[in-house]
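The values are calculated or read from the model by the stated rules, or taken from the named source; none is laboratory data. Quantities reported herein were computed from a predicted structural model and do not represent experimental measurements. Note that each Cβ is placed from the backbone with ideal geometry, even for glycine, and that neighbours are counted across all protein chains shown. Calculation scope for accessible area: heavy atoms of the full protein, side chains included, ligands and nucleic acids excluded. Shrake-Rupley method; radii C 1.70, N 1.55, O 1.52, S 1.80 Å.
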Amino acid sequence: MTSRRAVPIVVGVGDIKNRSRKVGDAIEPMKLMLQAIQEAIKDTGLSSSAAKEFQASIDSVGVVNTWSWNYSDLPGLISENLGVKPKYKGLSHHGGDSPAKFFDEAARRISFRESKVAIITGGEALASLGACAAAGKSPPWTGADESVRSVSVSDVATKKENIGTLHSIGLPIHVYPLYENGFRAHRGQSIPDNNRESAELYADFAKVAEGNPLAWNYGKPAATKDCIGTVSGKNRMICFPYPLLMNAFNNINLAGSSVLTSTEYAKEIGIPESKWVYPLGGAGSSDATEFWQRPNFHSSQAISMSLDEGLRVSGVTKDEIDIFDFYSCFPIVPKLACQHLGFPLTKQTKAITLLGGLTSFGGAGNNYSMHALTEMVRKIRKGEAQRGLVLANGGMVTYQYVVCLSSQPRTSPYPDRNPLPEFLKDGPVPEVVEKAEGEAIIETYTVEFERDGTPRRGHIVGRLKSNGHRFLANHGDDMTLQQLSSTSKEPVGRSGWVVAGEDERNLFTFTQAGKL
């Protein structure tokens, strides 16, 4: 057998949408994934007999973990249903970076001839699960593994105890706003201008989703800038500054899959070159898991480094990329990516979303960027772009992974590793204290709102003036909560006082007289 490195290619992509919310139509995530895999195999253009041979050659199965259901061995179940016994089976962690990471790793295994045919897949059935729950019925799906801990993005109480949970903060709806507010203040932007900017960005994204048949909102008119930016009964404030239409929408039934092989095997089995798209390389890393252990709240080193290194190992520059898909659970992620690359934050000259974002396309759990990869493959095949880049984000602005694709092969072997470490050393981080007392300044903040639109709880990341130590706090009085909720005066950079309350939470107030 030759020792020459193989050239990895994507030869098939598939997406599945189960739009029905009827309990009788509820299809479990595994079966949605299997449907997507079959669509991807069909997409290769092979005859029925050749497709069966191709499927039998699958020796790598990478599965993006699902929020919807706890399986004991999801890669094993998928392999069994496909009738294959792969050398490699992988289940990702819970993070939206996983599709890009698994894509890069599958391409690398093919390059090293460790794999002949690799599939990556993922899917969610949260809309069906919600419909079953509303009807008081258990879905007739594969038996759930009770030993597997369920994932919740809406309940802080499910998180491990730390200073975040003590202060009732730690969900995506909390942390991404901390970055948006910090980013706005760092740029000296007013709160109304920031709202208009985010609304304009997401209105453009909504128009993209409006034309995508795979989008969950397909068939509905795109939300307008005014609709997205105006708080109303149907667009209530969730955590400042993001109303509902600037938050990811997760109640969807979507699955996607990509199939990779080598140019050598594709020629042998008869996959036409019109189906080939070339992975160029990838890179990814993570910032500190706990958001309070990061240097600042106006940038992400993991986003910046993943973009820089992803481009470098792929042998291309940002100017040579024709289309981008930046993960967009909240407006801050594409903004940080654009800021780093020197792009305008709205009205970019090149596409920065192929899908329309997690609000309008649908937040497919950890698997959103799989759909970005499948759509990018289609656009490159059609000649609408020569090269594309996908930025996949996960956690709380935590995990990042970038992959680049092209209509043309690399001039050198596929990169032999991810050039970045698993976690970045983010640079100087202020000392974090659990109990804080004294005069302080707001570093960033957000306010969580009730369903009726009234402010519920203020979340402050602050710094003690005496020593620069960082702390977390909640609002200490109603006046402070109202001022944090106001759009007329920037809270970031304002001074106040922090004390430890009777329940051990730190409490922040703008006036010392309000000290509890």
Can you figure out the FRET efficiency of S495 with V433, using R₀ = 22 Å and their beta-carbon distance, to the nearest 0.05?
-> 0.80
Å² of accessible area per residue within region 1-127, as computed with a 1.4 Å probe and no ligands counted | 38
In whole percent, how big is the carbon plus sulfur part of the accessible area of region 158-244, probe 1.4 Å, protein atoms only?
-> 56
Quick one: which of K318/K382; K87/K425; K267/K335; K160/K379; K31/K347 span more than 31 angstrom between C-alpha atoms?
-> K87/K425; K267/K335; K160/K379; K31/K347
For N506, enumerate residues with amide H under 5 Å from its amide H, sequence gap 5+ or separate chain, H modeled in the peptide plane.
-> N474, G501
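Send over the semi-axes of the chain's equivalent ellipsoid, whole angstrom and largest first, taken as the square roots of 5 times the C-alpha gyration tensor eigenvalues. Don't jump to the answer; show the numbers that get you there.
Numbers: eigenvalues 339, 118, 91 Å².
Working from the Cα gyration tensor, I get semi-axes of 41, 24, 21 Å.
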Amide H to amide H, which residues 5 or more places from D325 or on other chains are under 5 Å from it, using H placed in the peptide plane?
-> L389, V390, L391
Descending principal axes extents, region 405-516, alpha-carbon based, whole Å | 68, 37, 26
Enter the accessible area per residue of region 470-516 (Å², integer; probe 1.4 Å; all protein chains in place).
-> 46
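Structure shown: which of K52/K85; K85/K275; K17/K350; K207/K350 lie over 22 Å apart, alpha-carbon to alpha-carbon?
Details: K52/K85 15 Å; K85/K275 26 Å; K17/K350 27 Å; K207/K350 15 Å.
Check vs 22 Å cut-off fails for K85/K275; K17/K350.
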Cα-derived Rg over Rh, computed across region 14-160 with Rh taken as Kirkwood radius = 0.99
What net charge do the residues around R505 carry, taking every other residue with its C-beta under 11 Å from that of R505, with Lys and Arg at +1 and Asp and Glu at -1?
-> -2
Extension gain from A135 to S466, taking 0.36 nm per residue of separation minus the Cα-Cα distance | 113.5 nm
Taking the Cβ-Cβ separation of R113 and S20 as r and a Förster radius of 51 Å, what is the calculated FRET efficiency to the nearest 0.05?
-> 0.75
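How much accessible area per residue does region 239-366 have, counting only protein heavy atoms and a probe of 1.4 Å, in square angstrom?
Details: 3560 Å² over 128 residues.
Each residue of region 239-366 exposes 28 Å² on average to a 1.4 Å probe.
So if we plug the beta-carbon distance of R456 and E161 into 1/(1 + (r/R0)^6) with R0 = 30 Å, what FRET efficiency do we get, rounded to 0.05? Please report the intermediate quantities before stating the final value.
On the way: r = 21 Å, r/R0 = 0.71.
Result of the calculation: an efficiency of 0.90.
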In µm²/s, what is D for region 264-347 at 20 °C and 1.002 mPa s, where D = kT/(6 pi eta Rh) by Stokes-Einstein and Rh is the Kirkwood radius from Cα pairs?
-> 140
S72's amide H: which non-local residues (gap 5+, or another chain) put their own amide H closer than 5 Å, with H modeled 1.01 Å from N in plane and none for Pro or chain starts?
-> D145
Residue by residue, what Karplus-based ³J(HN,Hα) values in Hz, rounded to whole numbers, does region 372-379 have, using 6.51, -1.76 and 1.60 with θ = phi - 60° and x for Gly and Pro?
-> 5, 5, 5, 5, 5, 4, 4, 5
Of the accessible area of region 375-449, computed with a 1.4 Å probe and all protein chains kept, carbon and sulfur make up a percent value of 46
